[in-house]
Amino acid sequence: MGGQALYYGSNALSHNVIMADRKKLKSANGLYLGSTGSGKSFAAKRELIHVFLATQDRIIVVDPMGEYAPLVRRLGGQVIELAPDSPSFINPMDIQLDLETDESPLSMKADFLLSLCELVVGGKEGLQPIEKTVIDRCVRQVYRELTLGIGTGEMPLLQDLYEELLKQPEPEARRVATALELYCTGSLNLFNHPTNVNLNSRVVCIVLKGMGENLRKIAMHVTNEFVKSAVNTNFENGIATWCYFDEFHVLLRDQLTASYFVSIWQMLRKRGCVPSALTQNVKHLLASQEIQNILDNTDFMVLLSQAQSDRAILAKQLGISEHQLSYITHSNSGEGLLFYGSVVIPFTDRFPKGEIYDLLTTRPEDLKNDAGA
């Protein structure tokens with residue numbers, strides 16, 4: 001393909017270079033699937049570098065393990081490590097009221113904060129109708145001055161919502177406020193600070209590691225909201241966004257977070273986004289009906305070496321022939337199948353070692369050799 005086509009290795013049969021433009025697909029959504037050590041992250045980072053060099057598009061990486069940080073720093077991007085002891089903060093209350101979207105920015109923010117409170121409150125039943133009503137009322141009150149264009153113009157904090165809940169007469173409001181207290185004035189107040197990082201950098205990497213289970217759920221939820229907001233802003237400015245979600249199965253552990261992410265995934269492609277999810281956990285990925293919807297709306301896929309049980313699942317799900325299966329059976333790192341719409345191409349990627357290779361690799365032997373050099 002011509003135009004803004006990017007490099008995806010060479011055809012294992014003809015040895016021709018494979019150049020493709022995901023934006024020309026009906027759905028640009030993509031999946032990178034492969035067992036540990038098969039080269040998933042390497043392939044995604046290779047694409048990321050080509051996006052950076054060949055386009056003016058923006059790039060967002062959601063990185064649970066911190067593997068993309070060196071590359072993003074080398075590209076001059078912003079790395080944001082969300083952790084209890086990190087100096088980097090993202091304010092979940094940030095809002096852009098000037099976006100021209102189908103739904104009002106305030107309504108979308110209220111919906112996000114309702115789901116955030118539901119995560120915090122927890123329980124099998126989640127939020128009750130009265131609690132949802134009270135939270136919605138308080139959210140609109142907290143943003144009242146901003147929406148009217150009066151006051152200081154400063155973004156509210158989570159603590160402002162907490163204090164507004166305490167003012168309400170309903171006992172349900174106090175229940176939600178008590179659950180929020182830990183994340184406002186308590187020891188897990190990571191998300192009760194003004195944003196102090198450059199969220200408008202062309203390349204942004206959010207690292208989600210070094211935190212407990214409860215805080216990780218909230219961090220992933222806040223991250224999903226940031227991605228949604230950034231994609232909307234870029235779309236309004238006529239800019240495409242490439243999003244990479246590494247260790248995708250980690251984002252799906254919590255049902256509420258998974259549901260919220262699936263709704264975002266379906267929205268992304270309508271807003272000029274090219275999202276990619278990476279995982280080695282195929283069985284878990286396909287066990288959820290919601291994730292099945294993601295697979296059904298994905299026209300780009302990179303399959304690398306797969307475990308035997310995963311090969312059987314993928315063969316049935318994607319209609320892969322026995323011959324095609326041979327390319328993801330005990331294959332070397334960087335070898336597999338490329339799905340582009342209805343086309344399936346066996347590929348290899350022999351990437352030369354050097355500075356760029358060192359930024360892309362996560363193989364322990366490469367990192368060890370680099371450290372000893």
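Which log10 I(q)/I(0) values does region 1-119 give at q = 0.10, 0.17 Å⁻¹ under the Debye formula, counting every alpha carbon as one identical point scatterer?
One equal scatterer on each Cα of region 1-119 leads to -0.50, -1.16.
In the chain, which helices (entire DSSP H runs) extend 30 Å or more along their own long axis, judged by Cα positions, while averaging at least -0.5 on the Kyte-Doolittle scale?
Values: long enough: 213-236 (35 Å, -0.42).
Helix filter hits for the chain: 213-236.
How big is Rg to Rh over region 151-217, alpha-carbon atoms, Rh as the Kirkwood inverse-mean-distance radius?
Rounded to two decimals, Rg over Rh is 1.06.
Any idea of the accessible area per residue across the chain, 1.4 Å probe, to the nearest Å²?
In whole numbers, the chain has 45 Å² accessible per residue.
For the chain, what does -39500 (n - 2.57) per DSSP helix run (n ≥ 4), summed and divided by total residues, give at 222 nm, in deg cm²/dmol to the nearest 500?
After summing the helix terms and dividing by the residues of the chain, the value is -13000 deg cm²/dmol.
For region 192-325, what % of the accessible area comes from carbon and sulfur atoms, probe 1.4 Å?
It is 47 percent, rounded to a whole number.
Is the chain rounded, prolate or oblate when judged by the Cα gyration tensor, a ≥ b ≥ c being the square roots of its eigenvalues, rounded requiring a/c under 1.5 and prolate requiring a/b larger than b/c?
prolate
Can you send over the carbon and sulfur percentage of the accessible area for region 1-122, probe radius 1.4 Å, protein chains only?
Carbon with sulfur: 49 percent of the solvent-accessible area.
Please compute the modelled spin-label separation between residue 356 and residue 325, points set 7 Å along Cα→Cβ, answer in nm with one decimal.
That separation, rounded to one decimal, is 3.6 nm.
Straight distance only, please: which aspartates and glutamates reach the Cα of residue 23 with their own Cα at less than 16 Å, same-chain residues fewer than 8 apart left out?
Output for residue 23: 47, 57, 299.
Roughly what % of DSSP beta bridges within the chain run antiparallel, to the nearest 5? Numbers along the way, then the final one.
Numbers: 15 of 42 bridges.
Within the chain, antiparallel bridges account for around 35 percent of the total.
Lysines within cross-link reach of residue 353: Cα-Cα under 29 Å, excluding same-chain residues under 8 positions apart?
40, 45, 209, 368
The values are calculated or read from the model by the stated rules, or taken from the named source; none is laboratory data. Fair warning: this is a prediction, and the values are worked out from it, not measured in the lab. Note that each Cβ is placed from the backbone with ideal geometry, even for glycine, and that neighbours are counted across all protein chains shown. Heavy atoms of the whole protein, side chains included, go into the accessibility calculation; ligands, DNA and RNA do not. Shrake-Rupley method; radii C 1.70, N 1.55, O 1.52, S 1.80 Å.
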